[in-house]
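Participant: Once you've had a glance at the structure underneath, I'll fire off some questions.
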Amino acid sequence: MTEEIIIAGFGGQGVLSMGKILAYSGIMQDQEVSWMPSYGPEMRGGTANVTVIISDERVSSPVLTEFDTAVILNQQSMDKFESTIKPGGYLLYDPNGISRHPERKDIKVFKIEGAKIAADLGNTKIFNMVVLGAYLKMRPIVKLENVILGLKKSLPERYHKLIPLNESAIKSGMESIEEVA
Amino acid sequence: MAKIKGAIVVDVERCKGCEVCVGACPTNVIGMADNVNGKGYHFAYMADADACIGCTNCAIVCPDGVITVYKKKMTA
Amino acid sequence: MLKEIIQPENLAYKKTELMTDTVLSYCPGCGHGTIHRLMMDVIEELDAWEDTIGVAPVGCSVLAYEFMNVDMQQAAHGRAPAVATGIKRCWPDKLVFTYQGDGDLAAIGTAETIHAINRGENIVIVFVNNGIYGMTGGQMAPTTLPNMKSSTSPYGRDVDMMGAPLKITELISQLPGAYYVTRQAVHTPAHVRKTKKAIKKAFQNQIDKKGGVSFVEVVSNCNSGWKMTPVQSNEWMVDNMFPFYPLGDIKVDGELVTK
Amino acid sequence: MGELKLMKGNEAVAEAAIRVGTDAYFGYPITPQSEIIEYLMAEKPHERTGMVVLQAESEVAAINMVYGAAGAGKKVMTSSSSPGISLKQEGISYMAGAELPCVLVNVVRGGPGLGTIQPSQADYFQSVKGGGHGDYKMIVLAPASVQEMYDFVETSYDLAFQYRTPVLILTDGVIGQMMEKVEVSEQKPRWTDEEIAKNTPWATFGKKKDRERNIITSLDLDSARMEQHNHHLMRKYEEIKEKEVRFEKINCEDADYLLVAYGSSARISQKAIDLCAEKGIKVGLLRPITLFPFPEKEINEMADKVKGILSVEMNAGQMVEDILLAVKGKVPVEHFGRMGGIIHSPQEVVEALEQKIIGG
């Protein structure tokens, strides 16, 4: 099994940390992983994206131009990455702020009202965990228990008290994902 | 009465003849030789040996450290 | 009679064994040799022979390691304070000194000088200021006096065009990391004795971990570069250099000296 | 098995530095490698092992601090990215001349000049052909994974002290910024004063009564002695070429074509050979791990077995010159690479192979 994922959105949406937690979850179930951000000036205020690869085998190129799955969280990223999904692949997006919805017919498209759910839960910072939950429902490549272990590894000790909150956000995401096409 | 008498030994071959020691000597002991050493320098020597009081002034201003100073209390 | 005086028991002065027997590469009458010897005298008196590491610069004293009989490292032009920082940070209980000229310390190495002092590295910097680049043949240095001739200011240093001489010692004395800053000379026996005291104080500060750089400037001649005899050059130094670079303590025990 | 962590390449270098017992790190921030000094500062290595970490006023000062500490017998390292490494070249040349061990890391970015902060492999020439002034080389290791970023720190120290030479870890923003699984080793103690005296009897840590003073210098005004010193250095580099070549071969046994690539380019090329296999084209990958010494013998041998060789580098064609020297005209050799911070995709590598070698 190899899953090549692009996660793309605005800086500040927690794109990079969502990718990191996913990668750590892969390590927790003894898989090979890579996490490759786009870096530089575009990280500040503009778009942020990260390529995460989880595989049973040694990961070759950490840099990819086509993906099994895209998680898209703003319009610029939709424009940039919709076309990079392999036929038969998956697209998950948050419709909040999206003016042009996905048009591809050869992929499976899901949506998650991540921003809205996070706001309803009273904490916009857990937006990315809601999206992660939706992703895990759509692509159950890592087990929830390993995601929680991954969270523990990637969060500094002083934030461990927030793990239950993150876990409930992930579960909300899992419950709220909708298949579009 | 006891009198301090001094003497200097110049490492002739290492002396560069800069003459800084000449002016540093309070009793005008030092002169520059008419001869030259192996490097072609007119080296310093005790022109007036009797006058030396062993004060070490010449040695401490010598940039090349070529002067060794001795001093003895003489009982005349 | 001389034979009677010249006996080992009557020895009054002999150069320290911490100076090697290698013939100094400096011009006749150059102050470098005297300053080298004073530093080695001090290290001997402090019984610090086994714990001292020196850093030699680029310039006339590039070969200082041939003459000073202690462990020594040669540094790239201007970088001695950085090299000394590397050594001292790794060996905080050893004595580390740099020996630098004005071209090295006050031109190409200004940044390293200022930042090592600003960090308060616990090292000794001995700075020999003769107002000229000696080794490369008498070019203008940052410390060259106004109207002073050099091979690159053949009509005299034009301050409007070439800038004023840099009083780096006064400048660095303003930094909190400078613990002891003094300016001395070695052209007369009395000045040699004072300079030795200053160098000894500088090393003692380092031994006592006073927390800061001890910086000893020695205004010296460059008779070849100035195109004078050694004796004339010392007189010229007194008449011309000292008015611009006055001798004396500038900062003692971390406090600026008020005159 | 050691503890598993998810780390960036830059963080792995820094953690490895602490764990292998580095005495001092001197650096100056520059993208894309500032995480190295940031990580070190955050980890308080002076509390963990007594390691010194100091942010210098410039790259020039940093490399000279390294020079000082290395001359004094300590395990010391620095890191930078391309423009900063250019500034450090004078100091590196001094260290090669004075035969001092140290570990350098260059997380390469695109140039020339200020260039870009995006990844590149355009510092190959600077790394393997000397870099600074004078006749010298340094050992160059090119990690292709975060694990190798970690492991090569210790390897570099071993080589640096064995041969008394600077060793460079040559990497780029892809490996520096990406996160992968890393197995970290147990903490090793720093050398004691006695071990330093034993391991580096040439170093300046204070002249003992029973030995001559130690002098660290690259200067010798006597040309005959200086030539002897150059001969001595050349013999050392010959020994390194004989004994220290490292490389990895992937799918080379029955390959018709060969890709040669190092570091991040090798990772991308590995994907490219998989894509070729799907198309029925048999392509192998030879990944030099040491760039100096270069695996010329192995590449020459591969040239007897394949129909053509493509050098894949993120530059205008630098390593390809060493491949051409190694192949000695036996088979066609071409270069493919993107520049200016653009990372080539596996698909582009496949297309280049088809156009320049297979169809060429």
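No value in this document is a laboratory result; all are computed from the given coordinates. Quick caveat: nothing in here was measured; it's all calculated off a predicted structure. Here the Cβ is made from the backbone with ideal geometry for all residues, glycine too, and neighbour counts use every protein chain on show.
Participant: Pull out a ≥ b ≥ c, the square roots of the eigenvalues of the alpha-carbon gyration tensor of chain A, then state rounded if a/c is under 1.5, prolate if not and a/b is larger than b/c, and oblate in the remaining case.
Facilitator: Cα axes put chain A in the rounded bin.
Participant: So, one more: Using a 10 Å cut-off on Cβ to Cβ distances, tally the other chain neighbours for every residue of A:59-71 and report the average as a whole number.
Facilitator: Rounded to a whole number, the mean comes out at 6.
Participant: I've got another one for you. When the helix-only estimate is applied to chain D (DSSP H runs of n ≥ 4, each -39,500 (n - 2.57), divided by the residue count), what is the mean residue ellipticity at 222 nm, nearest 500 deg cm²/dmol?
Facilitator: Values: 14 runs with 151 residues, N = 360.
Mean residue ellipticity, 222 nm, calculated: -12500 deg cm²/dmol.
Participant: Separate question: Modelling each spin label as a point 7 Å along the Cα-to-Cβ direction, I'd like the A:Ser99/C:Phe244 distance in nm, to one decimal.
Facilitator: 6.8 nm
Participant: To continue, here is another question. Kindly state, to the nearest 0.05, the FRET efficiency for D:Arg225 paired with A:Ala119, given R0 = 60 Å and r defined as their beta-carbon distance.
Facilitator: According to the calculation, E is roughly 0.20.
Participant: Which of D:Ala62, D:Pro201, D:Gly111 sits farthest toward the positive end of the charge dipole of chain D, with +1 on the Cβ of Lys and Arg and -1 on the Cβ of Asp and Glu?
Facilitator: Of the options given, the answer is D:Pro201.
Participant: On a 0 to 90 degree scale, rounded to 10, what angle separates helix D:146-163 from the longest Cα axis of chain D?
Facilitator: Orientation of helix D:146-163: about 50 degrees from the principal axis.
Participant: Specify the residue with the greatest mean-square fluctuation among D:Asp135, D:Asp151, D:Asp254, computed from a Gaussian network of chain D linking alpha-carbon atoms under 10 Å apart.
Facilitator: The residue with the greatest mean-square fluctuation here is D:Asp254.
Participant: Please report A:Arg100, D:Arg190, C:Arg157 as a ranked list, fewest other C-beta atoms within 10 angstrom at the top and most at the bottom.
Facilitator: In increasing order of surrounding Cβ atoms, one gets A:Arg100, D:Arg190, C:Arg157.
Participant: Any idea what the relative contact order of the stretch A:30-169 is, in percent, if you count C-alpha pairs under 8 Å spaced at least 6 apart?
Facilitator: For the stretch A:30-169, the relative contact order is 14 percent.
Participant: Applying 1/(1 + (r/R0)^6) with R0 = 60 Å to the Cβ-Cβ distance of C:Glu235 and D:Met41, what FRET efficiency is obtained, to the nearest 0.05?
Facilitator: Numbers: r = 54 Å, r/R0 = 0.91.
Plugging the Cβ-Cβ distance into 1/(1 + (r/R0)^6) gives 0.65.
Participant: Suppose every Lys and Arg Cβ carries +1 and every Asp and Glu Cβ carries -1, with no other charges. What dipole size does the stretch C:156-259 come out with about its Cα centre, to the nearest 20 debye?
Facilitator: 480 debye
Participant: Which one, A:Glu167, A:Glu103, A:Glu32, has the greatest fluctuation when you compute a Gaussian network model over chain A with C-alpha springs under 10 angstrom?
Facilitator: Comparing A:Glu167, A:Glu103, A:Glu32 in the GNM, the peak value goes to A:Glu103.
Participant: If you don't mind, there's one more thing I want to ask. Would you mind giving the mean number of other chain beta-carbons within 10 Å of the Cβ of each residue in D:214-226, as a whole number?
Facilitator: 4
Participant: What size of dipole, in debye to the nearest 20, comes out for the stretch D:59-132 about its Cα centre when the only charges are +1 on Lys and Arg C-beta atoms and -1 on Asp and Glu C-beta atoms?
Facilitator: In debye, rounded to 20, the stretch D:59-132 gives about 120.
Participant: From other protein chains only, count the Cβ atoms within 10 Å of every residue's Cβ in C:26-39, then give the mean.
Facilitator: Neighbouring Cβ atoms belonging to other protein chains average 4 per residue here.
Participant: Moving on to the next point. Taking R0 as 35 Å, what's the FRET efficiency between C:Thr20 and C:Glu255 from their Cβ-Cβ distance, rounded to 0.05?
Facilitator: After rounding, the FRET efficiency stands at 0.35.
Participant: What is the helix-to-structure angle for D:223-243, meaning the angle in degrees between its Cα long axis and the longest Cα principal axis of chain D, kept from 0 to 90 and rounded to the nearest 10?
Facilitator: Orientation of helix D:223-243: about 50 degrees from the principal axis.
Participant: At 7 Å along the Cα-to-beta-carbon direction for both B:Asn35 and D:Asp304, put a label point, then send me their distance in nm to one decimal.
Facilitator: 7.7 nm
Participant: Would you calculate the separation in nanometres between label points at D:Lys188 and C:Leu11, each defined as 7 Å from the Cα along the Cα-to-beta-carbon direction?
Facilitator: 4.8 nm
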